[in-house]
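Below: the structure, in structure tokens.
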Amino acid sequence: MINIMELLRSISIDREAIELSIEYGISPYMAKRYIELFSYKGAISFLNTIRLGLKKSIRCNTLKISCNELLRKIKDRMVVKQTPWVPYGFWILKSKVNIGATPEYLLGYYYIQGVASMLPPLILNPKPGERVLDMCAAPGGKTTQLAQIMENKGSILALDVDRTRMRALRSNISRLGVRNVVTLLLDARKIVGVGEKFDKVLVDAPCTGEGLLPLIPERGRSRSLYDMYVLMKLQYELLKSAILVTKKGGVIVYSTCSIAPEENEFIVNLILKEYSGKIELVDISFYGEKGLTEIYGLKLNSELERCLRLYPHIHRTEGFFICKLRKKV
Amino acid sequence: MQIKEEGLEKFKKIIYAEIAKLFGKEALRLIRRLGYNIILLGRGNNVYEAFLVNNELKELLSIMKKINIQNPFSIGLFVGTIIENKSNIAFKVGLDLMEYLAQQLRRNIVIVSDDAAKLFLYGRDILLNSIIKILPPISYLTVIANKELEILGIAKPLVNLETFIREGRRGNIVALKNVVDKGWYLRKGG
Ligand SMILES: C[S@@+](CC[C@H](N)C(=O)[O-])C[C@H]1O[C@@H](n2cnc3c(N)ncnc32)[C@H](O)[C@@H]1O
């Protein structure tokens, strides 16, 4: 991990990066990384998309209503378009009302959720009756979607360390009519003692949130290289814990709302090295780009191309990274 | 929050008796048929929260018990709050359970006009004139729904609704007092 930090520090900030950083109000080291990731033209396109923002989207909660019925109810107030990947996901093209305060929202018929953020539960694909662990659960967008996929059957253990966000999780569980969840205020790294008990595990890890820049532009300046280091350590430990509590043959989905390779491929790369022969990556065949296998002049495990990357300027979603791991039998 | 095990039977009895008062014995049969059990979480100061849990969730709790983690924030379906004083034990039923049972059993529901439904979600009471229909028997607490039978919250009848409706009485008197409504998700809960 330290080596990765040294590598990042050694990336020299050139004129192009400084110009971008001034023009777009982001830190120079971030600008340089975007150039590395997308080329100069791509970085400009990415940063322009951040300025423009993204369309909002909702997830229809089929635990409470059919999507056709929901569309019928909101059609006079909202113009929506179904997303190509998630059958119950809809972009809001136009709305006469605040989508977070409609009667349908209060009745739990939908959850306001980015389209990319609907993918990790879909890719984890838990079956009704399975035992699922959601390690970083609050405020519960993905927990409640997992419950929706599981038709409220089986069980989900939802962990988080933030008490305020936990309250929001509980409120969302109640609003959306979810009945198969245990919520627990706990550092997810402390769950390892239970042993290999879960069929499926979701690690929607805390991250710098670079993928959310189109929604929260202030993050472009506020995060430092040191913040990234602290998060990388946590992400690595969380994913490691996930592996320890997954049954043999079980599946883990690791996701972040960050496009930074440091928080994504680098973490999974470390895990693949450590658990060589015990973990395999499963191909995610979804709309999006492949995971990176080489960045900053560093070669990574070639299996990483099985992961998925989504970018605001290319896919019109929040920036996201998703990787599906299987624990070999 | 700690899972309460001692003296649980006494609390369970009170909770089941209240559920039967609100939705009849049928509700208890439904809970049993679905394999639900009651679990209590201590909140301090002799206050407990009750939840209905299925067998899979119970199994999950016993796994967590093995590593001495026994303090969930919530589990399964929220039933209500129990407050134990020196002299008595009070049970306050929660919206999640009321909604679930009303939907399953189609009873103890008051259906109100569109305008009244909107105002109810802002915390307002229900006038007698706003009632369109009732699905009896109506208990000491009842569920408020709109014309599409969508559940909006819980209210306390201030008059004998079944008699009033049977006799066709009308008027701008407050017939039901708002106890909790789903506007809460925006006002406090979101
Ligand atoms: C990206 S957010 C999760 C979003 C959530 N999955 C959803 O879909 O609504 C990351 C969460 O991880 C939590 N977190 C941070 N460190 C943690 C830890 N050690 N154990 C468990 N949760 C943690 C944060 O409080 C935050 O709520």
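The values are calculated or read from the model by the stated rules, or taken from the named source; none is laboratory data. Not measured: the values here are computed from a predicted model. Cβ: placed from backbone, ideal geometry, glycine included. Neighbour counts: every protein chain shown. These accessible areas exclude ligands, DNA and RNA; they are computed on the full protein's heavy atoms, side chains included. Shrake-Rupley method; radii C 1.70, N 1.55, O 1.52, S 1.80 Å.
Between the residues A:VAL329, A:THR208, A:ILE18, the greatest Cα displacement towards the positive end of the dipole of the protein assembly as shown, with unit charges on the Cβ of Lys, Arg, Asp and Glu, is found for A:VAL329. Scattering from segment B:5-100 was approximated by placing one identical point on each alpha carbon and applying the Debye formula without solvent; log10 I(q)/I(0) at 0.12 1/Å stands at -0.38. Enclosing the Cα atoms of chain B in their convex hull gives a volume equal to 133 cubic angstrom per residue. If R0 is 60 Å, the Cβ-Cβ spacing of A:PHE286 and B:GLU26 corresponds to a FRET efficiency of close to 0.85.
Among the trypsin sites (Lys or Arg not before Pro) found in segment B:1-78, those both in a DSSP coil and sparsely packed, with 16 or fewer other Cβ atoms within 10 Å of their Cβ, are B:ARG43. Helices in the protein assembly as shown, meaning DSSP H runs of at least 4 residues, each add -39500 (n - 2.57). Divided by all residues, the mean residue ellipticity at 222 nm is -10500 deg cm²/dmol. Among the cysteines of the protein assembly as shown, A:CYS136, A:CYS207, A:CYS257 have no other cysteine beta carbon within less than 4.7 Å of their own.
For chain A, list the DSSP H helices whose alpha carbon atoms reach 24 Å or more along the long axis and whose average Kyte-Doolittle value is 0.5 or above?
Details: long enough: A:225-245 (30 Å, 0.87).
Passing helices, by number: A:225-245.
The value of relative contact order for segment B:106-189, using C-alpha pairs under 8 Å at least six residues apart, is 35 percent. Note on A:LEU52 and A:ARG163: the model spin-label points, each 7 Å out from Cα along the C-beta direction, lie 4.4 nm apart. Between B:ASP115 and A:THR62, the FRET efficiency from the beta-carbon distance, with R0 = 22 Å, is close to 0.15.
Note on B:LEU34 and A:ARG15: with the Förster distance fixed at 56 Å, the Cβ-Cβ geometry gives a FRET efficiency of about 0.25. If you take all other residues with their beta carbon under 15 Å from the beta carbon of B:GLN2, and give Lys and Arg +1 and Asp and Glu -1, the sum is -1. Rounded to the nearest 10 degrees, the angle from helix B:95-105 to the longest Cα principal axis of chain B is 70 degrees. Comparing A:TYR275, A:LEU308, A:VAL253 along the charge dipole axis of the protein assembly as shown, the residue lying farthest to the positive side is A:VAL253, per the Cβ-charge model. With a 10 Å cut-off around each Cβ of A:168-177, the average count of Cβ atoms from other chains is 5. Three principal axis extents describe the C-alpha atoms of chain A; from largest down they are 54, 49, 35 Å. The average projected area of segment A:14-119, computed from the convex hull of its Cα atoms over all directions, is 8.2 nm². Computed on segment B:5-100, with alpha-carbon pairs under 8 angstrom and 6+ residues apart, the relative contact order is 22 percent.
Each residue, B:LYS147 and B:GLU59, gets one label point 7 Å from its Cα in the Cβ direction; the gap between the two is 4.7 nm. For chain A, a crude dipole built from +1 on the beta carbon of Lys and Arg and -1 on the beta carbon of Asp and Glu, taken about the Cα centre, is about 1200 debye to the nearest 20.
Along chain B, counting only chymotrypsin sites (Phe, Trp or Tyr not before Pro) with a DSSP assignment other than H, G, I, E or B and at most 13 other Cβ atoms inside a 10 Å radius, the longest segment between sites is B:1-121.
Of all beta bridges that DSSP places with both ends in chain A, some 60 percent have antiparallel geometry.
Here's the picture: a label point sits 7 Å out from the Cα of A:ASN125 along the beta-carbon direction, and within segment A:292-329 the residues with their amide nitrogen under 20 Å of it are A:304-310, A:321-329.
Each of A:PHE286, A:PHE90 has its accessible area taken with a 1.4 Å probe; listed largest first, they run A:PHE286, A:PHE90.
Over chain A, what percent of the accessible surface lies on carbon and sulfur atoms, probe 1.4 Å?
Summing carbon and sulfur atoms, their accessible area is 51 percent of the total for chain A.
Across chain B, the relative contact order, built from alpha-carbon pairs under 8 Å that are at least six residues apart, equals 17 percent.
In the context of the full set of protein chains, segment A:47-126 has a per residue accessible area of 43 Å² (1.4 Å probe).
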